[in-house]
Structures are given as structure tokens and as C-alpha cells.
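Quick note: the coordinates plus some simple rules give every number you see, no bench work behind them. These numbers come from a predicted model, not from an experiment. For neighbour counting, all protein chains shown are included, and Cβ atoms are generated from backbone atoms with ideal geometry for every residue, glycine included.
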Amino acid sequence: MVLQTVYAAKRTRNKDLIKQSWEKAAKKLALAFVNTWEKNGELGQYVNPENGEIVIFNSTAAAIVPGGLALASKYFNEPDFLKAAIDIANFYYSRDVVKLGLTTGHCGDISQDADSESAAGFLESLMALYWATGDTHWLDKAKVEAALVAT
């Protein structure tokens, strides 16, 4: 949410409204997601805030993260954020959408059950990746994900 607010302010020429602390927090969060991804090959459902270790694995709870990283890559001009976003989205698509036919774990009480929130978040991520890259294969994946959201 912070990055969306900052990005919107910057895009509408309201740069003077952007606090440096917002930018710093948004970049730090993006880096934390990238680091968790690179260390574990996934983002999990719960992460220990004290040490950054994943507590519960095998979830699509962070399905919105690729979208946030796509925005962060453009905002901060950080190609590593976009690379991670692409890698994470491809992982979720292959593991969850193609192999399982569902996304899971967005709601804290349903770790491994299908839910609409992770599906909708992943759809938004796929559209953000299309926006960031212009690559139409993200639209193809988004159409499949939209069908999951509709069920």
C-alpha cells in the first residue's frame, strides 16, 4: 500500500508529498521479499518477523508480492526486483495454478485450502507484470487465473 501511494504521488507530479521514510520503507520491504525468495525459493505463508525465517511453507499467501515487486522495479529502477517478481510469479503459476488448479493460504486460518483472496491477488500480480514488461504471455496467464477467481 505504501508503494502504491508513493508511486501515485510521484506519477501525478506530487513528489513533494512523498516522504523519504515511505520510499525507504517500501524499498526495504521489496528487498526483504527478494531476500526471502532467494534464500528459500518461495515466500511461505508466515514469516518470523524477528529473523525473517519462513515458519509455514507451501502457500500462495504472498501472491500479491510479484505485483508489488513489479511496481517497485519501475519506481526504484531496480531490475532485480522485476527478475524476482517474474521468478515468483512463474513459480506460483506452475506449482499452484497448473499443478493444483488453485491458490491457497491467504486467509490465516486456512493454510492449505483454496481461497479467493490469493487467487485475486495473483491475478493482480499477473496484470502488474504485464504492465511492467509489456509481454502478452502474462495476459494469457491472467486469463487462466481470472477463471480461478470466478469459481
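Here Rg/Rh (Cα atoms, Kirkwood Rh) was computed from the coordinates, and among [x] 0.92; [y] 1.01; [z] 0.97 the match is [z]. In this simple spin-label approximation, Ile18 and Asn40 carry label points 7 Å from Cα along the Cα→Cβ vector, and these lie 3.0 nm apart.
Counting lysine pairs in the stretch 2-150 whose alpha carbons fall under 14 angstrom apart, excluding pairs fewer than 8 residues apart on the same chain, gives 6. Gain on full extension, evaluated as 0.36 nm per residue between Ala147 and Asn51 minus their Cα-Cα distance, stands at 30.8 nm. Computed over the chain with a Gaussian network model linking Cα atoms closer than 10 Å, the most mobile of Ile86, Ile54, Ile64 is Ile54.
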